[in-house]
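For reference, the structure discussed in these notes is given below.
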Amino acid sequence: MRIAGAALNQIPFDWQHNLRNIEEAITQAKAQGVELLCLPELCLTGYNCEDLFLSDWLPESALAHLQQIRPWTQGIAVCVGLPVRLNGHTYNTSCVLRDGEVLGFAAKQFLANDGVHYEPRFFVSWRAGQTAQFTWQGEEYTIGDLVFEHKGVKFGFEICEDAWRPAADRPAGRLIPRGVQLIVNPSASHFAMSKTDQRYHIVLEASRDYKCTYLYANLLGNESGRTIYDGEILVARNGHLITRNQLMSFKEVDLECTDVDFEVDLPIAETITPLPAPDEYRELNQALSLGLFDYLRKAKSRGFVLSLSGGADSCMCAVSVAEMVRLGVAEVGAAEFMRRSGCFSAEDIAALAADVDAGFAKVLNRENSGSQPSSAAPGTAEVSQANVGRTATQPPQAALFATANKPLVERLLTCAYQGTVNSSDDTYLSAKDLADSIGAVFFNWTIDDEVKGYVGKIEHALGRELSWKTDDLALQNIQARVRAPGIWLVANIKNCLLITTSNRSEASVGYCTMDGDTAGSISPIAGVDKYFVKLWLRWAQQELGYTALARVNNLEPTAELRPLEEKQTDERDLMPYPMLNHIERLAFYNRLSPKQTLDTLVEENPTTDPALLKTYVKRFYSLWARNQWKRERYAPSFHLDDYNVDPRSWLRFPILSGGYHEELEAL
């Protein structure tokens, strides 16, 4: 049997968009002779409809739209994810359709309730071994723990979280005794760095342990704002990998098919062949690029605006937009990238696409010198592999494509350096060199007059002068806060998304100015710690060839809000970033108390003064507790690591609390 999985880039309750992708997947599958197609979890509605799953109308509408899919399934079996609401309870199901008929709805048995997932709020678990009937518009359907048969092959379901449970619980162990040869897993499994390795082992070990074929298909792209899906498709049999696709595609539909002979025995694998060690820098780059692209087009915006300070965070955001263009054009071609972005007119596409593609091909031929020059146009597999670096052993020198990309980056990214008397030439040159090298629009203005105006008003109101000795934080914050109105004005004029540059380490301790450097529409790197940001920038300079990053990579992170002679740095204000990140992880990933955290640090750092470690622990927990209100107000951020501090997607914490007072006093 030829089986396939299709990763779909969906949008919550955008019915026509979602149906269009489903129809395209079925059309592609039929063209390739596929007999059984698995589509991702809740692909008809979108996975992240949140509390709308509790309504009656959304599941009802899903059933109505399901009827449109039925005629498309002539000659093929298709598994489509959608919610079904019965007696006030909503179930997460995958509907099997064949030849225009509904064969039944397999229901999810285990609900994800950790990290970014909150499924028990929306759905009810289906009990193993049970089935039920329901009637909709005069037609009776079966729902529950079902086994299906197609062309002599019996198959059953594990839906996403079902497969992440211990072997004693998961549905697979109950399906095999019922004669199932194929387990189908439609998923909405969020991206996190290195997570693909976990999925790979779950799928391959299941196929080995249960002596079956396992088909896995994940959602693709930034579906609804915060969560990114990598579109992974896996087929395994008896512990052997049969097929695996390339991740983070810019396509709307990414289909992978393979032939499985269910009548021929395949030896059981003694061991699972491991994947190569993941390159987290490259994974993050691809996730950020696709996440930004989907956010841009689904928000129906016209590009990005960035207050480019020349520091690490803003430089990473700028490079991420440049990489969004490079990776997208490399995979789907300039014309399709421009069309899908929604930021270019038909006239723009006609005028620019050929030049961009020609520039890409020219640089690619230079990169391929020594081998046969490529004549392929961007958007082909050959260019995709050479440029995107998903399969190439040597990473591309991405910055070489800046000239080819410049017309697109210039339209999609506007940057401004907003200096004060406390800003240095180093950060100005860092910002300007980077913006020029990637082709972004670059403005340079100062905000000293605005700062003086506000300070003068308040001095007059209070009847005294403000000084660094008595008003340090206020004088720092007013500079960051005054930067917001001007850059917001640019974003409004251009109808663009304003990028805010906060990272996870700053969010943890509130090292930011609310309504200043936190002002923005999207905070793409708020899920990544500052130390990783610094390492990623070195990687981007060395591996991707962004040589303009040399300036920022030679700077110590600094807010540049105090007078230059004070030589302000982030780590002097706080603590070394690696230490801050480690305390954060112990506190909220490992969920340790202040005392447990301190004990762990003392044990791990025998040569460090325990009094200094105690200072760091007290500082972190105190700053964390008093700054939850800031984390509640951050712009939407992407989930990129195995945890984050966003209260909407991973870590809830009270805005008002005891602030660890007793726990810290006990230290």
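The values are calculated or read from the model by the stated rules, or taken from the named source; none is laboratory data. Quick caveat, the model's predicted, so the values are computed rather than measured. Every residue, glycine among them, receives a Cβ derived from its backbone with ideal geometry; neighbour counts consider all protein chains shown. Side chains included, ligands, DNA and RNA excluded: accessible areas come from the protein's heavy atoms. Shrake-Rupley method; radii C 1.70, N 1.55, O 1.52, S 1.80 Å.
Scanning the stretch 34-70 for residues that are open to solvent by 40 Å² or more (accessible area, probe 1.4 Å) and either in contact with a Cys (Cβ under 8 Å, 6 or more places away or on another chain) or farther than 21 Å from G156 by Cα (or both) turns up E50, D51, L52, L54, D56, W57, E60, A64, Q67, Q68. The residues in the stretch 151-180 that are surrounded by fewer than 21 Cβ atoms within 10 Å (Cβ to Cβ) and either in a loop (DSSP other than H, G, I, E, B) or at pLDDT below 95 (or both) can be counted, and the count is 8. Candidates are the residues of the stretch 128-139 that are assigned to a loop (DSSP other than H, G, I, E, B) and out of contact with any strand residue (DSSP E or B) (no Cβ under 8 Å at 6 or more places or on another chain); the one that is surrounded by the fewest Cβ atoms within 10 Å (Cβ to Cβ) is G138. Checking each residue in the stretch 459-518 for being hydrophobic (A, V, I, L, M, F, W, C), more than 30 Å from R585 (Cα to Cα) and not in a helix (DSSP H, G or I) picks out L466, W468, C496, L497.
Would you be able to say whether some residue in the stretch 264-274 is over 20 Å from the mean Cα position of the chain (by Cα) and open to solvent by less than 30 Å² (accessible area, probe 1.4 Å)? Within the stretch 264-274, one or more residues are over 20 Å from the mean Cα position of the chain (by Cα) and open to solvent by less than 30 Å² (accessible area, probe 1.4 Å).
Restricted to the stretch 419-450, and to residues there that are among the β-branched types (V, I, T) and open to solvent by 70 Å² or more (accessible area, probe 1.4 Å), the residue that is nearest to R481 (Cα to Cα) is T446.
Check the stretch 321-336 and report whether any residue there is surrounded by fewer than 24 Cβ atoms within 10 Å (Cβ to Cβ) and either outside any helix (DSSP H, G or I) or at positive phi (or both). Yes.
Could you tell me whether the stretch 645-664 includes any residue that is assigned to a helix (DSSP H, G or I) and touching a residue at least 24 places away in the same chain (Cβ under 8 Å)?
The answer is yes; a qualifying residue exists.
Among the conditions (1) surrounded by fewer than 21 Cβ atoms within 10 Å (Cβ to Cβ); (2) more than 30 Å from the chain's Cα centre (by Cα), L97 misses just one, which is (1).
Among the residues of the stretch 383-397, some residue qualifies, meaning at least one is within 27 Å of E556 (Cα to Cα) and either at pLDDT 95 or above or of a type outside the set (K, R) (or both). Scoring Q542 on the criteria (1) part of a loop (DSSP other than H, G, I, E, B); (2) free of Cβ contacts under 8 Å to residues at least 40 places away in the same chain; (3) open to solvent by 30 Å² or more (accessible area, probe 1.4 Å) leaves a single failure, condition (1).
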